[in-house]
Structure formats: structure tokens, C-alpha cells
Amino acid sequence: MEENSNASFEEDFEGQAMHTGPKGVINDWRKFKLESEDTDPSALSKKEILRQLSSPHRSSSKEDKDTRDRFSRKMSMQEYELMQEEKEDESCLQKYRKRCMQDMHQRLSFGPKYGYLCELQNGEEFLEVIEKERKTTTVIVHIYEDDIKGCEALNNSLSCLATEYASVRFCSIRASNTGAGDRFSSDVLPTLLVYKGGELLSNFISVTEHFSEDFFAVDVESFLNEYGLLPERELPALENGNMDEQDIE
């Protein structure tokens, strides 16, 4: 039994198997630290300490008792220090993971950012937005008039969505300013036009008829998502927030 026990402890401290993952790295590092401290000539081997502490045959002499007490105190201090270092390492790992998430988010979030509802002043600006915007950018234009029911609520909803979908360019323009007011009569307002790469993807006339009398940004978002016109919702900013380990893994 003693030989099996010794062999088990030796395998725990002398095994060369590498572990993957952050906690595996920490365990490998702990074993390496204990083994490296064995080279200190002023300290007894950690393996020897474990063997003596785990031995079923212990001498009752005062010298052996003092030695065991000294070993116990030594191991307690070492374990305490390792526990503190492990906590520090875990904290560093979380910060490292958080930084990796930030870097990944920045790499994936390429392209221009808007984050607001842009009011177009005339037909020239309208055409410029459609024709000169990047081919990968979705452009959503709300054509409205102030006295048309639902237009103000739709503008407010689009303003909210613009902050959540910063890669989408949300615009609005009065029908009378488009230069084609006769095409946008009160019967078809409010109208939503969706462009990408200069091409018209969708044209929704009297769009508020799809909503209840009182509608909000979430209703407009669901409607646009039904037609696949919005990208995946972007990740929240990570710089000032704390993330739990389960959120990172």
C-alpha cells in the first residue's frame, strides 16, 4: 500500500501530461512551480514532504513530531501562497479573455458606423446616399410628412434602431423635399425604402398599416427582421462593463 501511495503522489507531481484550457495551464504551472522549488537545497522536497505526511507508519518520537509539524506549517504556507497566486492568475485570464473579445468584436465590426437617424434635405442628398454608399451597407430611408399619422412615431422608432444597428444607415426625408412629391402622396405615406449597393431591396408603402395604432421600435425591428433586412444585433460595448467568466467562455 505504501508503495502504491508513493507512486500515486509521484505521478501527481512528476507526470508530464499537458493540460489544455486556462485551468489546465494553471494546474501545469502549479506543478512546475512546486517541482522547481525542489531544487532549493535549504528546503526538503515537496514529494518527500508528501510521502512523510501520507505514510501510515509515523514515529512517535519528539524529533519526528517536530519535523511533521514543521512540514505541515511549510505546506500550509505554500498552499496559501499558491491559492493567492491562482486567484491573481484567474483574474488575469478573465482580463485576457475580455480583451480577446474586444479585439474580435472590432475585427468583425468593419465598415462605417452611423448610430443616428440622418435627415436628408433634398433630392440630391437622397440620390447620393443611395448611389455612393458602400455596397455592403444597408440604407433604410423613411419618406414622410409631418401631418401624416404614424410618421412621427416611425421616425422615433428608427432613431432608436439606428443606435442599436450602427452599421445600417437610417435616413429620413420629407416627401416634398425629394423632388418627386407627386409620387409620394399622402396615400402612400409613411413609406420605407431599403437599398443596398444602389439597388432597391424593398418598398413598403403606408407601412404603419402593418402595426397597431400605438407601435414602438421593437415592432418596427420585428417587421424588418421578417424580411431579413437587418443584420445581427451588434455586441454591446465591453470597455466599461464587467463580464462574468461564464459570459466569456
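The values are calculated or read from the model by the stated rules, or taken from the named source; none is laboratory data. Computed from a predicted model, the values in this text were never measured in an experiment. Cβ coordinates were reconstructed from backbone atoms using ideal geometry, including for glycine residues, and neighbour counts include every protein chain displayed. These accessible areas exclude ligands, DNA and RNA; they are computed on the full protein's heavy atoms, side chains included. Shrake-Rupley method; radii C 1.70, N 1.55, O 1.52, S 1.80 Å.
What to note about this one:
- At least 3 residues being in contact with a Lys or Arg (Cβ under 7 Å, 6 or more places away or on another chain), open to solvent by 30 Å² or more (accessible area, probe 1.4 Å) and modelled with pLDDT under 95 is the threshold, and among the strands (runs of 3 or more DSSP E) wholly inside region 138-236 not one reaches it.
- Identity of the residue in region 208-225, over 11 Å from Ser157 (Cα atoms) and of a type in the set (Gly, Ala, Ser), that ends up nearest to the chain's Cα centre (by Cα): Ser222
- Index of the failed condition, Lys113 passing every other in (1) open to solvent by 70 Å² or more (accessible area, probe 1.4 Å); (2) assigned by the TED database to the domain that holds His210; (3) not in a helix (DSSP H, G or I): (2)
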